[in-house]
Amino acid sequence: MDDSGGFGAPPPPPPPGAGGGGSIPQRGLGDILSVAFEVYKANAVKLIQIVAIVVIPLTFVMALLTQVAFKQHCDAQHVQSLSDLTKNCTTSFGRSILIGAIGWFIAIAIQQLLLGALTRGAAGALIGRDVDVSASYGYAFSRLGPLIGLALLVALVVGIGFILLVIPGIIVLVFLAVSVPAFIIEGLGVTDSMSRSWKLVSGSWWHTLGVILVAAIIAGVINGILTAIGGNTFFGVWILSAIAQIITAPFVALVSVVLYVDLRARHESLNATTLAMDLDRT
């Protein structure tokens, strides 16, 4: 890797660790996590900025919607914690469904916008480019519709798998693990991105499972620690959950991108130049 923590970018000489001729080597689980950490450390400010721009306002909107849902049916003097919220508040079924649906659609759209921008920024950082926050969001916004479609279709397919005794759902989830990086980096369509992910993961299913599982555990531990600090207070949990996401989302996105690149390196002759051309083409 070069000083920026990525694989490096042309022209030669090739960056350290990129392999002869700038080719990207296959990496084990530990190496993938190490690369993700290094790139994160070198680009933390910009990557965190990408997340914070979305997560901070989204947190307040979701908290406000939740408050509005219960406002007229709560005794404010008795609502000091999350458990009090369920014990002392009631609301009409229709009102809850409406506000829940609004919140769900807002969250899906904004989260996919964030995921697209973060994946774009992470991919650039991986090859040694500066993270451009506005350009990352500009690209993600231009493909927001298909991004939402990709999320919903993946959720549907994986959900059907989980209905079929759970294990099929896990299998499908792993096979589709790099659908978003394929969508963002190669500019593929929704179904083509899913097919691309399936092909790349084929032959490396256990490797892929190990990477995403460890990354999820790391993110989960950080989230659990920060959420616990907030105690049982309603807004404390909301705020610290947002902080946890701001911290962990860039790492998870980087792991996903590094994993995608590693899987491509296992199937193709891949180097930093090819990766840069893919990004420039899209």
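The values are calculated or read from the model by the stated rules, or taken from the named source; none is laboratory data. Note that the coordinates shown come from a computational prediction; the quantities given were computed from them, not determined experimentally. Here Cβ is always computed from backbone atoms with ideal geometry, including for glycine, and neighbour counts include all displayed protein chains.
Points worth noting:
- Whichever residue in region 153-178 is under 15 Å from the mean Cα position of the chain (by Cα) and part of a helix (DSSP H, G or I) and, among such residues, is farthest from Val261 (Cα to Cα): Ala155
Listed here are the residues, each with its yes/no results for (1) over 15 Å from the mean Cα position of the chain (by Cα); (2) charged (D, E, K, R); (3) buried (at least 19 other Cβ atoms within 10 Å of the Cβ); (4) modelled with pLDDT of 95 or more.
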{"site": "Val180", "(1), (2), (3), (4)": "no, no, yes, yes"}
{"site": "Ile184", "(1), (2), (3), (4)": "no, no, yes, yes"}
{"site": "Ser193", "(1), (2), (3), (4)": "yes, no, yes, yes"}
{"site": "Ser197", "(1), (2), (3), (4)": "yes, no, yes, yes"}
{"site": "Leu200", "(1), (2), (3), (4)": "yes, no, yes, yes"}
{"site": "Leu213", "(1), (2), (3), (4)": "no, no, no, yes"}
{"site": "Ile225", "(1), (2), (3), (4)": "yes, no, no, no"}
{"site": "Phe235", "(1), (2), (3), (4)": "yes, no, no, no"}
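- Within region 237-282, the set of residues being within 19 Å of Ile50 (Cβ to Cβ) and more than 17 Å from the chain's Cα centre (by Cα) comprises Leu279, Thr282.
- For region 118-136, the criterion of a residue being outside any helix (DSSP H, G or I), modelled with pLDDT under 95 and touching a strand residue (DSSP E or B) at 6+ places or on another chain (Cβ under 6 Å) is satisfied by no position.
- Extreme residue, nearest to Ala177 (Cα to Cα), among residues of region 194-230 that are in contact (Cβ under 8 Å) with a residue 12 or more places away in the chain and of a type in the set (Gly, Ala, Ser): Ser197
- Only one of Ala276, Ala244 that is crowded, with 17+ Cβ neighbours inside 10 Å, at pLDDT below 95, under 24 Å from Ile127 (Cβ atoms) and of a type in the set (Gly, Ala, Ser): Ala276
- For region 257-267, the criterion of being surrounded by fewer than 22 Cβ atoms within 10 Å (Cβ to Cβ), farther than 20 Å from Lys46 by Cβ and touching a Ser or Thr at 6+ places or on another chain (Cβ under 8 Å) is satisfied by at least one residue.
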